[in-house]
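Okay, so here's the structure we're looking at.
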Amino acid sequence: EGVLPQDYTLIKMEVLPPFPLKLKALEGRRVFLAAATLRPETMYGQTNAWVLPGGKYGAFEVNGADDVFILTERAALNLAYQGFSKTPKQPSCLVELTGYDLIGLPLKSPLSFNKVIYALPLLTILTDKGTGIVTSVPSDAPDDYMALWALKAKPAFREKYGVRDEWVVPFEIVPIINIPELGDRAAEKVCLDLKIKSQNEKEKLAEAKRLTYLKGFTDGTMLVGEYAGMKVQEAKPLLRDQAHSDR
Ligand code: A2H
């Protein structure tokens, strides 16, 4: 199994100009934060993206277009082996970056009802999984719900990482999927039901993820978008293909 298993969908979030100093060399090109997700059908509800502050990232040239992907070197190598690098089997890094360089970048993500979302810090990101960039959907992902809640509730945490209020405070949960027993903010309901108080309650969060993921997939119905009214099971592959053909 590689870094990007079959089930992952890569979501390209375009970095909006003007670019900060660290990215100036990339001006004139289309630059994306590339997130790996298991839930392409939830992309309507994105409120932000997550990056690991101390994590090592790079801006890599990808096949064909002038496009540049920001992700971990490990993910870039994996994509290169899947034929997505400019040079075969070799990632071509234009700029070396850390998560700190990415915090606060304004992003435009396909399908998201929020026209602009921001890259925000998350300390529980694993660097050996996916792309090291995670898109955040607090309506349906317990991890995202708890992390966004923590950033909203703790000004000191925002200050520590140079996060401006306007990147966080205005962003609310966007209901996108209805699950009969869990409603249309499933992640919030499950976190409240299980009395989860922080991102560090790993076991409870794992249980919350299991519950929302299982019930969302088997019983969920899309509330929004092109496939509103359709079962999640049926909409998921359609939205996955849409994201893939956009690559
Ligand atoms: B999922 P699996 Cl709505 N570190 O996307 C931590 N988490 C990561 C990651 C990393 N490096 N890379 C990906 N992920 C997250 C959406 C979503 C996700 C929803 C609900 C559940 C869910 C929006 N965030 O995942 O261990 C990404 O979050 C539940 C596990 O490889 C990705 O999908 O199976 C998921 O974990 C991949 O987890």
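What follows draws every value from the coordinates through simple rules; no lab data is involved. Quick caveat: nothing in here was measured; it's all calculated off a predicted structure. No Cβ is skipped: glycine too gets one built from the backbone with ideal geometry, and neighbour counts run over all protein chains shown.
A few notes on this one:
- Gain in span if fully extended, Lys197 to Ala228, counting 0.36 nm per residue against the direct Cα distance: 7.9 nm
- Order of Phe32, Phe19 - criterion: other Cβ atoms within 10 Å of each residue's Cβ, fewest first: Phe19, Phe32
- Spatially, segment 191-247 and segment 134-185 are offset by 15 Å when compared through their Cα centroids.
- Ordering Pro53, Ala119, Ile177 by the projection of their Cα atoms onto the charge dipole of the chain, which places +1 on the Cβ of Lys and Arg and -1 on the Cβ of Asp and Glu, puts Pro53 at the extreme positive end.
- Cα-centred dipole magnitude for the chain, charges only on beta-carbon of K, R (+1) and D, E (-1), debye, nearest 20: 400 debye
- Simple spin-label estimate for Phe19 and Ser92 in nanometres, 7 Å along Cα-Cβ: 1.5 nm
- Within the straight-line cut-off of under 13 Å between alpha carbons, the aspartates and glutamates reachable from Lys24 are Glu96, Asp101, sequence neighbours fewer than 8 places apart in one chain being disregarded.
- Dimensions (Å) - segment 86-205, Cα atoms, principal axes, largest first: 49, 35, 32
- Furthest towards positive pole of dipole, Ile196, Tyr227, Cys93, structure part the chain, Cβ charges: Cys93
- Placed amide H near Phe60: partners under 5 Å, 5+ positions off or other chain: Phe69, Ile70, Leu71, Leu94
- The chain, relative contact order in percent, only Cα pairs under 8 angstrom and at least six apart counted: 21 percent
- Cα-Cα over 31 Å, subset of Lys89/Lys115; Lys152/Lys215; Lys108/Lys195; Lys12/Lys195; Lys89/Lys215: Lys89/Lys115; Lys108/Lys195; Lys12/Lys195; Lys89/Lys215
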